[in-house]
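Working notes, structure below.
The values are calculated or read from the model by the stated rules, or taken from the named source; none is laboratory data. Keep in mind that what you see is a predicted model, and the values were worked out from it rather than measured. With ideal geometry, Cβ positions are generated from the backbone for all residues, glycine too; neighbour counts draw on all protein chains shown. Accessible surface areas use protein heavy atoms only, side chains included; no ligands, DNA or RNA. Shrake-Rupley method; radii C 1.70, N 1.55, O 1.52, S 1.80 Å.
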Amino acid sequence: MYNNVMKIIHCADIHLGSKMDARLSRDKAEERRREIRTTFLKLIDYAQKESVKAIILAGDVFDGDRPFKKDKLFFYDAVKNNPDIDFFYLRGNHDGLENYTLEADNLKTFGEEWTTYGYEDITISGIELKAGNCNSLYSGLSLDKDKINIVVMHGSQSDANGIDKINISRLADKHIDYLALGHYHTHDGFHDLRERGKWAYSGCLEGRGFDETGEKGFILLDVSDGVKADFVPFASRIVREFTVDITGAEDFYAAEKKILDETKTDAKNYVRVYIAGETTVDADDLAKDAEKELEERYFAASVVNRAKEKADISEVAKEKSLKGEFVRLCLEEEMSEEDREKVLAFGLKALDGEWREQL
C-alpha cells in the first residue's frame, strides 16, 4: 500500500456564475457570486497550507454549459497558478458541454469512457454520465484490488441505471475504497459499499438559495493504508432553517415577537422560517411583516406561512354538520378545560383529515 499519507479534497457543485437572484436584491446576488469565487480561492489556500496533493471537482464547477468569460478565466487561472496541486475536473449535468479550455499538466479531466490516473498505489478514476454509457459503464470499470481506488462520478444515487443516475449496487464489488460523488448539494454522511470502502456526496461549497440549508463544505481524504474521510464545514454564509409554532400567541404582536425571539443565528447568515400551529391572527400578513424585520437582522430572510386558522368553537358549535355535532357533544361532556381543549383540537383535525399529524 501507499507508504505516505496523501491528502485529497473532494468537493463538487461550485456553480461559478450562478445567477443567485432568487429572492435576493441585485447587489446581494452579485455579492454572493463574488463570495462563491472567494470561497473557491480559500479552498485552494487551505489545500496549500495542508499539503493537499489533489482536488477532486465532482461536477458542476460552472452553472451552465456556456460559462461567463470571467468565470472561466477565474477557474482556469486558479488551476494554472497552483501547479503543485492536481485538479480532477469531471463535468456534471450543468456544465456538461464545457470544453476544458485549459491544457495544463495539473488539470486532469474525464470523458464518456473510464479514465484513470495513478499515484504509486493510488488510482483516481472517473466517467461522465451520458445517454450512451449510462447502462454499460458499470461493466467497463476494472480496478486493481491491491491498490487504493478512488472513483469520481456526478449524478443521483439510485437503485437503477439511467441518465444522471448512479446505481450504487452495481459499484459495490468493484474494489472501490472511496466513491466521490457530486450532484446533491448537501453532505449527508458516509455510506458503506458492500465489498469495501465508502461513498459520499460532498455537497456544495456555498448554499445558493433558501432550500440549501445547513453546513456546506468539502471532504478531506487522508489516503495511506486505506482512506480516512472527514467533512470540513467551509461556507462563508449558512442557510439556517427554523420552525416556529405560534399556537397560543394571543395577538399579532405576540406572534411576531415569538418568531423573532426563536430565530437566532449569526447576522451574516440566511434564515428561512416556517410559521406553524394554529392562530386567530392573519398569518399571511404576519409572515410578510416578520420577513421584513428579519431582513434587517440577517443577510437574507424568507418566512413561509404554514399555520392554520384556529377554529372559533362557539361558531362551529352552531353548524349543522358533523363538526358542529362533535363540538356540541364535547361542550356537554364533563371534563377539565385542559382535556376539553385537547379533545377538540384532535377531533377537529381528525375531521379535517389531519389526524395523522397528531400520532
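Inspection of region 38-47 identifies no residue that is in a helix (DSSP H, G or I), in contact (Cβ under 8 Å) with a residue 60 or more places away in the chain and closer than 30 Å to LYS288 by Cβ.
The helices (runs of 4 or more DSSP H) found wholly in region 241-359 and carrying at least 1 residues that are open to solvent by less than 70 Å² (accessible area, probe 1.4 Å), at pLDDT below 90 and not small (Gly, Ala, Ser) occupy 313-316, 322-332, 337-351. Of all residues in region 113-167, those satisfying the criterion of being buried (at least 16 other Cβ atoms within 10 Å of the Cβ), part of a loop (DSSP other than H, G, I, E, B) and aliphatic (A, V, I, L, M) are ILE127, LEU129, LEU137, LEU141, LEU143.
Residues considered: ASP65, ASP84. Of these, the only one that is at pLDDT 95 or above, surrounded by fewer than 19 Cβ atoms within 10 Å (Cβ to Cβ), in a loop (DSSP other than H, G, I, E, B) and of a type in the set (Asp, Glu) is ASP84. Would you say ASP222 is free of Cβ contacts under 8 Å to residues at least 24 places away in the same chain, acidic (Asp, Glu) and either part of a strand (DSSP E or B) or within 16 Å of ASP13 (Cβ to Cβ) (or both)? Criteria not met by ASP222. Every residue in region 100-112 that is within 27 Å of the chain's Cα centre (by Cα) and open to solvent by 50 Å² or more (accessible area, probe 1.4 Å), please. Within region 100-112, GLU112 is the sole residue that qualifies. The single condition among (1) of a type in the set (Gly, Ala, Ser); (2) in contact with a strand residue (DSSP E or B) (Cβ under 7 Å, 6 or more places away or on another chain); (3) free of Cβ contacts under 8 Å to residues at least 40 places away in the same chain that ALA267 does not satisfy is (2).
The set of residues from region 12-37 being outside any helix (DSSP H, G or I) and under 23 Å from ASP95 (Cβ atoms) comprises ALA12, ASP13, ILE14, HIS15, LEU16, GLY17, SER18, LYS19, MET20, ASP21, ALA22, LEU24.
Per the conditions (1) surrounded by 13 or more Cβ atoms within 10 Å (Cβ to Cβ); (2) in contact with a Lys or Arg (Cβ under 9 Å, 6 or more places away or on another chain), the sole criterion not satisfied by TYR76 is (2). So, in region 66-99, of the ones that are of a type in the set (Asp, Glu) and over 18 Å from ILE36 (Cβ atoms), which residue ends up nearest to the chain's Cα centre (by Cα)? So, considering only residues that are of a type in the set (Asp, Glu) and over 18 Å from ILE36 (Cβ atoms), the one nearest to the chain's Cα centre (by Cα) is ASP86. Among the residues of region 286-323, those identified as under 26 Å from VAL239 (Cβ atoms) and free of Cβ contacts under 8 Å to residues at least 12 places away in the same chain are LYS292, GLU295, GLU296. When PHE210 is tested against (1) open to solvent by 30 Å² or more (accessible area, probe 1.4 Å); (2) more than 15 Å from ASP13 (Cα to Cα); (3) not aliphatic (A, V, I, L, M), just one condition goes unmet, and that condition is (1).
One residue stands out among those in region 168-192 that are assigned to a loop (DSSP other than H, G, I, E, B) and among the acidic types (Asp, Glu): the one that is least open to solvent (accessible area, probe 1.4 Å), which is ASP177. When ILE238 is tested against (1) open to solvent by less than 10 Å² (accessible area, probe 1.4 Å); (2) in contact (Cβ under 8 Å) with a residue 24 or more places away in the chain; (3) not basic (Lys, Arg), only condition (1) is not met. Considering region 1-30, and only residues there that are modelled with pLDDT of 95 or more and more than 17 Å from the chain's Cα centre (by Cα), the residue that is most open to solvent (accessible area, probe 1.4 Å) turns out to be LYS7.
Within region 211-242, the set of residues being out of contact with any Lys or Arg (no Cβ under 8 Å at 6 or more places or on another chain) and of a type in the set (Val, Ile, Thr) comprises ILE219, VAL232.
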